[in-house]
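K.L.:
The structure is given below, and queries will be raised subsequently.
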Amino acid sequence: MPEVVIVGGGIGGLATAVAFLRQGLRVEVLERSAEITEVGAGLSLWPNALRALDVLGLGDAVRARAVEEGAAGIRDRTGRWLTRIDAEKLRAAYGSPIMLHRADLVDILRSAIPAEALRTGVTVAEARVDGTVVHSAGTSSGDFVVGADGIRSVVRRAVCGEIRPRYGGYTAWRLVVTPHQPVTDMGESWGRGERFGYAPLADGRVYCFATANMPAGTASGGLAELRARFGGWHEPIPALLAAAGNAEVLRHDLYDLPALKTFVAGRIALVGDAAHAMMPNLGQGACQALEDAVVLARVVTRDGDLTAYDRERGPRTRMIAARSRRIGAVAQLSFPPGVALRDALLRAIPGSVQLRSFAPVLDWRC
């Protein structure tokens, strides 16, 4: 019998499995998809996440497939800088963030787990506080159950009942393109109710993402809509869109969770999006899942007191999720006077103040 049953084979679930395996515990990962993989998106890993990966023994492997993020910042749609991040000062203060494809991180995590511990094509119907998990292949039981099954978590129902995700008010497109000319810089540009960002990957491709205010469930025009919205913005945005194909465009309405009162109940603990799904504006969703994994394994192997995990992770993740939601509200402003004021304020913030603002998020140590 596994000592830990992990529901969900995404980044949070796989990282948690690795963390427990390194502590000498047996794990079983239940994943509803037929295979464990990721598609179509880049991923920023900030220094706090890299420290977690170092604890898992995977930091060097991840860095080898990534590119270190350089100078970046925020521009307006014409390309004028609103604020810039001094890469050297950021590195000196907190360490270097990196960018890689999500599929590479998933592959590294999956490769660190014995094949017999991974069960795919298994749909979980219920988790119980006594450590029992009911699923399409029967039942599994463990000393602990980890809910890593995403924003619409089944496991979460056993912890805090039915919690509905909240629509953030805007949708997102993601794509990875091979540009006709190399792109070495990175950044994000803000317009009126719209944003476009891009960052190079280690293999010469470029990860692009865009957002726009619209009601949930609005039909998307795909690449044609992206070109209509952003084709007149500053370079290299039009060139990146010109190099894209329709099959490369992914689109998802963006949701987060209201703050949960607890991440634990009985033998169950929640990690990642199941516990604290957040808007992507700080690039901390996967980073916080990696932190969760390390802390949960430490707490369980120390004394098994899941309430200690809740006390440590709850306040931090709630702070980061709230901050990310606030940033999104500012970034997605569409009322012209509000946009003008926002842009003016961003240009007026000293770089030293901006650098210090990263501390509560990036200064994490396990």
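K.L.:
Quick check: is even one residue across the range 154-164 of a type outside the set (Lys, Arg), under 18 Å from the mean Cα position of the chain (by Cα) and crowded, with 17+ Cβ neighbours inside 10 Å? Break it down into steps so the answer makes sense when it comes.
P.N.:
As a first pass, look at the range 154-164 and keep what is of a type outside the set (Lys, Arg): 154-155, 158-163.
After this cut, where a residue has to be under 18 Å from the mean Cα position of the chain (by Cα) as well, the list is none.
Scanning the range 154-164 turns up no residue that is of a type outside the set (Lys, Arg), under 18 Å from the mean Cα position of the chain (by Cα) and crowded, with 17+ Cβ neighbours inside 10 Å.
K.L.:
Among the numbered criteria (1) touching a residue at least 24 places away in the same chain (Cβ under 8 Å); (2) more than 19 Å from residue 23 (Cβ to Cβ); (3) in contact with an Asp or Glu (Cβ under 9 Å, 6 or more places away or on another chain), which one does residue 320 miss?
P.N.:
The one condition residue 320 does not meet is (3).
K.L.:
OK, next. From (1) more than 14 Å from residue 110 (Cβ to Cβ); (2) surrounded by 17 or more Cβ atoms within 10 Å (Cβ to Cβ), pick out the condition that doesn't hold for residue 22.
P.N.:
For residue 22, the exception is condition (2).
K.L.:
Here are the criteria: (1) more than 22 Å from residue 282 (Cα to Cα); (2) free of Cβ contacts under 8 Å to residues at least 24 places away in the same chain; (3) touching a Gly at 6+ places or on another chain (Cβ under 7 Å); (4) part of a strand (DSSP E or B). Tell me which single one residue 145 does not satisfy.
P.N.:
(2)
K.L.:
If you scan the range 179-218, which residues turn out to be exposed (fewer than 14 other Cβ atoms within 10 Å of the Cβ) and among the hydroxyl-bearing types (Ser, Thr, Tyr)?
P.N.:
184, 218
K.L.:
Quick one: which residue in 78, 37, 16 is in a helix (DSSP H, G or I) and of a type in the set (S, T, N, Q)?
P.N.:
Of 78, 37, 16, the one residue that is in a helix (DSSP H, G or I) and of a type in the set (S, T, N, Q) is 16.
K.L.:
Further, regarding this structure: When the residues of the range 30-46 are filtered to those that are modelled with pLDDT of 95 or more and under 14 Å from the mean Cα position of the chain (by Cα), which remaining residue is farthest from residue 17 (Cα to Cα)?
P.N.:
Among those that are modelled with pLDDT of 95 or more and under 14 Å from the mean Cα position of the chain (by Cα), it is 46.
K.L.:
Quickly run through the range 33-62 and pick out the residues that are surrounded by 18 or more Cβ atoms within 10 Å (Cβ to Cβ) and charged (D, E, K, R).
P.N.:
51
The values are calculated or read from the model by the stated rules, or taken from the named source; none is laboratory data. On a predicted model such as this, the values are computed, not experimentally measured, just so you know. Because the Cβ atoms are built from the backbone with ideal geometry, glycine has one as well, and the counts that use them run over all protein chains shown.
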